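J.: Please see the structure below; I have some questions.
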Amino acid sequence: MNSFTKIVDEIKNIVSLDFKSKKVFDKDVANILGITQMNFATMKKRNKIPFTELLDFCAVKSISINWILYGQSPESLVEATHKLYVVKYFNEINASAGGGSNIENETIENVEIPEQFVLSLGGEKELKNIEAINVSGDSMEPTLHYNDIVFINRKKTNLSRGGIFVLRTEYGLLIKRVLEKENEKVEIISDNKIYNKQILQKSDLEIIGKVISRFGKTY
């Protein structure tokens, strides 16, 4: 996946015709994406990709986000289009340390993913089970970060081998590492060590699905 700087350069190339002879600066890209210059500078420093804003930009320009993320030029449009796959994306849903939402009642958008990314989701046959939502909060750092897009397989609800799952609980929609315990109990673990572990009854939560991949910051 391209770095923040490379993505910004690609956006500059795409919008350069709109600016005619004027040079496109970082502040122009920030305005185009609807990001304040202060937040833009922070994202650039941390190499944090603004996925939601990129999706909106790509929708306006009628291009696919994988051209931005993977360095594909606009000239490859015709050739690449047939290699794209679509996944349901609930862009208004955020889950992590709490404050969840009801997936079934949210507006669904589609996010296009490149052919090479499909393999990380289990292959084309699994796409019908895949949905994407946003991460909010820092409870799963350094594994998952704020504003990451995570891909969930809703058919994978077996906790016996552990892993990171999306859970619906009385606290809201959570993304946590989960381990099965004795007596129908489960251990809810935040990868960020400043958060304490929790023990819940299995009957007190609903397993939405297992997190199998993500778009987000690369270290």
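J.: Hey, could you check region 142-155 for residues that are surrounded by fewer than 19 Cβ atoms within 10 Å (Cβ to Cβ) and among the charged types (D, E, K, R) and say which is nearest to SER213 (Cα to Cα)?
T.: Going through the qualifying residues, I end up with ARG154.
J.: Residue check: is LYS23 among the basic types (Lys, Arg), modelled with pLDDT of 90 or more and either surrounded by 15 or more Cβ atoms within 10 Å (Cβ to Cβ) or not assigned by TED's automatic domain parsing to the domain that holds PHE90 (or both)?
T.: Numbers: among the basic types (Lys, Arg): yes; modelled with pLDDT of 90 or more: no; either surrounded by 15 or more Cβ atoms within 10 Å (Cβ to Cβ) or not assigned by TED's automatic domain parsing to the domain that holds PHE90 (or both): yes.
No, not satisfied.
J.: OK, next. Only one of ASN134, ASN110, ASN129 is more than 24 Å from ARG46 (Cα to Cα), modelled with pLDDT of 85 or more and in contact with a strand residue (DSSP E or B) (Cβ under 6 Å, 6 or more places away or on another chain); which?
T.: Going through ASN134, ASN110, ASN129 in turn, the sole match is ASN129.
J.: Are any residues in region 34-52 surrounded by fewer than 19 Cβ atoms within 10 Å (Cβ to Cβ) and either free of Cβ contacts under 8 Å to residues at least 40 places away in the same chain or more than 21 Å from the chain's Cα centre (by Cα) (or both), and if so, which ones?
T.: If we filter region 34-52 for residues that are surrounded by fewer than 19 Cβ atoms within 10 Å (Cβ to Cβ), which is where we start, we get 34-39, 41-42, 44-48, 52.
Hits for region 34-52 are GLY34, ILE35, THR36, GLN37, MET38, ASN39, ALA41, THR42, LYS45.
J.: Here is a follow-up. Which ones in region 179-198 are over 27 Å from the mean Cα position of the chain (by Cα) and exposed (fewer than 12 other Cβ atoms within 10 Å of the Cβ)?
T.: Correct list: GLU182, ASN183, GLU184.
J.: Within region 113-137, restricting attention to residues that are over 18 Å from ILE68 (Cβ atoms), over 14 Å from the mean Cα position of the chain (by Cα) and among the charged types (D, E, K, R), which residue is surrounded by the most Cβ atoms within 10 Å (Cβ to Cβ)?
T.: Here the residue is GLU126.
J.: Continuing with the same structure: Would you check which residues across region 138-156 are in a loop (DSSP other than H, G, I, E, B) and under 10 Å from the mean Cα position of the chain (by Cα) and list them?
T.: Within region 138-156, LEU144, HIS145, TYR146, ASN147, ASP148 meet the criteria.
J.: Just to verify a result, which residue in region 203-217, among those that are under 23 Å from ILE133 (Cα atoms) and without any contact (Cβ under 8 Å) to a residue 40 or more places away in the chain, is surrounded by the most Cβ atoms within 10 Å (Cβ to Cβ)?
T.: Taking region 203-217 and keeping what is under 23 Å from ILE133 (Cα atoms), we get 204-217.
From the residues that got through so far, the ones that are without any contact (Cβ under 8 Å) to a residue 40 or more places away in the chain too are 204-206.
Values: ASP204: 12, LEU205: 19, GLU206: 12.
Looking at the filtered set, the residue picked out is LEU205.
The values are calculated or read from the model by the stated rules, or taken from the named source; none is laboratory data. All figures in this text were calculated on a predicted structure; none of them were measured in a lab. So basically every Cβ, Gly included, is an ideal-geometry build from the backbone, and we count neighbours across all protein chains shown.
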